[in-house]
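A quick write-up on the structure given underneath.
The values are calculated or read from the model by the stated rules, or taken from the named source; none is laboratory data. Treat the numbers as computed from the prediction; the structure is a model and nothing was measured. All Cβ positions, even for glycine, are placed from backbone atoms using ideal geometry, and neighbour counts span all protein chains on display.
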Amino acid sequence: MKNDTRNEDQGRVSSELKGGCLWITLHRPAKHNALSITLIDQLHDAIREAADMPSLRSLVLAGEGRSFCAGMDLAAAGDDPEAMAGMLRSLAEVMIKIRALPVPVIARVQGAAIGGGCGLLTVSDFVISHPEAKLGYPEVDHGICPAVVAPCLANSIGAGRARALLLAGGLINGRRGLEIGMVNTLVEAEDLDEAVDALVSRLETGGQQALRVTKHWLNTIEDPDLDAMFLKGADLSARILAGAEAQERLARRRG
Amino acid sequence: MSLVELDLGTTATITFNDPDRHNSLTLAMFEEIDAALGRVENEVDGASLLLRGHGPSFCSGLDILTGDDRSDRIESLLRSLSSVARRLRRLPRVVVAEVHGNALAGGCALLSACDMVCVEPEARIGYPVHQLGLSPAVSIPTLVQSIPAGEARSLMLSGRLIDGREAYRIGLAHHLADSGSELPGLAASICTELADKGRNALKATKAWLNEICGDDHDEYFDRTLEASIESSRTTEATTMLDGFWERGRGGRTKEAD
């Protein structure tokens with residue numbers, strides 16, 4: 001099962017079923033899989049299809065090339081704050097959908113996972129990465145507010161660590177990611193596939209409905225209002241992004 | 001000589017300055033902290049506030065040894081502590097703690113209210129106050145946000161002291177200096193980096209984190225504060241504090257001799 005290439009520049013998302021595991025892969029390697037509008041749209045479609053696959057056991061999120069995902073491609077929205085707001089909202093919605101998937105989700109993270117790309121890690125159940133990976137949320141460096149990821153990150157690594165990480169901006173490596181709980185399994189980069197396969201195999205030994213029940217309740221107990229917080233975070237993030245400080249810093253980056 | 005030094009600027013710095021008493025928190029100290037915080041709050045354009053202490057310790061907690069009218073004074077100290085914790089949490093800047101030596105009870109409560117904590121490896125941190133018949137409940141709202149609930153239970157209920165390395169491991173501290181002598185440089189460099197971040201982005205992010213964590217609501221702060229006050233007024237607390245006070249006075253008389 002493979003989606004067709006739509007537009008090379010904007011990238012594409014592929015879905016490939018390997019046994020009971022669906023691999024959803026971002027393909028925009030020249031841009032470190034930065035999330036274009038096309039990529040986010042195709043990710044929506046791929047996740048929606050996955051949610052409707054009754055025999056699915058697990059799902060892997062991956063990125064082609066040197067990096068998992070370098071974050072939102074804000075250049076795609078030019079200097080149009082409304083387009084940026086639309087992208088943020090769409091990313092928040094795709095994160096809601098990933099978190100709501102009934103099967104365990106594994107993020108296979110090589111190279112960079114930054115900003116919105118790192119946000120995909122917070123809605124995954126497992127994060128497998130390597131010591132030199134570059135992870136984190138440098139939003140405040142660019143005058144942006146990482147509001148979409150904040151609620152889910154606070155749940156997954158704890159509010160105190162989320163606070164210190166998000167306010168510090170910058171990036172951390174995979175080793176530190178493991179220490180603070182952003183990464184669950186750390187292996188050498190060349191062993192990522194092996195580690196992912198081992199986990200997928202392990203998950204296939206569990207009862208399918210039992211895993212679905214457990215995941216449903218983990219989502220529910222963790223925070224029943226999280227979906228609303230994602231959307232509220234997207235609105236807040238869009239508001240800060242439209243402000244003078246963020247626009248000046250983004251313009252400086254564009255050169 | 002003032003008990004608190006204040007530097008204003010992009011990085012504001014509040015330095016506790018009662019080194020002989022390990023910067024223990026007296027009502028006079030709180031008055032100066034209040035005034036200093038008021039001035040920082042009125043400086044609109046700042047990225048961070050650094051909290052640190054002169055002498056051998058960051059802060060050894062509420063000063064419950066000196067003075068008369070003990071139970072009223074403890075109540076006032078607890079109210080001041082709770083108020084400062086809320087103000088640090090809601091200050092529209094990133095609050096960074098530079099923690100060396102002791103950060104005990106009230107001192108630990110202050111660091112748990114900061115956004116980022118830098119420690120030296122040998123720091124001594126914890127809540128050794130049940131032994132005095134007092135409850136550190138006043139610090140629960142910020143501590144349970146700072147570290148996982150299991151760690152918070154273990155730290156508070158046991159009253160054990162942990163060192164800087166352990167604080168870093170459990171997430172109570174976010175930066176571990178290689179040694180005590182490198183701690184001030186580490187904290188200063190963090191504040192320097194913060195000065196380059198988007199100021200509005202920092203404010204919005206902190207406010208959003210506070211909203212997510214419920215730090216804008218006074219209810220938990222109020223209820224845990226009242227619980228600590230109530231526990232300090234019980235017969236048990238009176239008896240245990242009497243014993244502690246006698247031992248403390250004896251110790252200090254000997255020193256004076």
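Things worth noting here:
- Cβ pairs under 7 Å, 6+ apart, first in region A:149-167 and at positive phi, second hydrophobic (A, V, I, L, M, F, W, C): A:GLY158/B:ILE147
- Some residue of region A:161-174 being within 30 Å of B:ARG93 (Cβ to Cβ), surrounded by fewer than 21 Cβ atoms within 10 Å (Cβ to Cβ) and away from chain B (no Cβ under 14 Å): yes
- When residues in region B:156-173 are screened for being part of a helix (DSSP H, G or I), buried (at least 19 other Cβ atoms within 10 Å of the Cβ) and either away from chain A (no Cβ under 13 Å) or among the acidic types (Asp, Glu) (or both), 3 of them pass.
- Restricted to region A:143-160, and to residues there that are more than 7 Å from chain B (Cβ to nearest Cβ) and either in contact with a Pro (Cβ under 7 Å, 6 or more places away or on another chain) or not hydroxyl-bearing (Ser, Thr, Tyr) (or both), the residue that is surrounded by the most Cβ atoms within 10 Å (Cβ to Cβ) is A:VAL148.
- Which numbered condition B:GLU151 fails, given (1) within 14 Å of chain A (Cβ to nearest Cβ); (2) closer than 30 Å to A:GLY143 by Cβ; (3) part of a helix (DSSP H, G or I); (4) out of contact with any Asp or Glu (no Cβ under 8 Å at 6 or more places or on another chain): (2)
- Of everything in region A:206-255 that is more than 10 Å from chain B (Cβ to nearest Cβ) and of a type in the set (Lys, Arg), the residue that is farthest from A:MET95 (Cα to Cα) is A:ARG252.
- Entirely in region A:140-255, the helices (runs of 4 or more DSSP H) that have 1 or more residues that are closer than 30 Å to B:CYS118 by Cα: A:150-157, A:159-168, A:174-180, A:208-222, A:226-242, A:244-254
- Of the residues making up region A:184-205, not a single one is at pLDDT 95 or above, within 14 Å of chain B (Cβ to nearest Cβ) and buried (at least 17 other Cβ atoms within 10 Å of the Cβ).
- Count of region B:200-223 residues, restricted to those that are more than 7 Å from chain A (Cβ to nearest Cβ) and assigned to a helix (DSSP H, G or I), is 10.
- Candidates are the residues of region B:57-90 that are in contact (Cβ under 8 Å) with a residue 60 or more places away in the chain and in a loop (DSSP other than H, G, I, E, B); the one that is surrounded by the most Cβ atoms within 10 Å (Cβ to Cβ) is B:PHE58.
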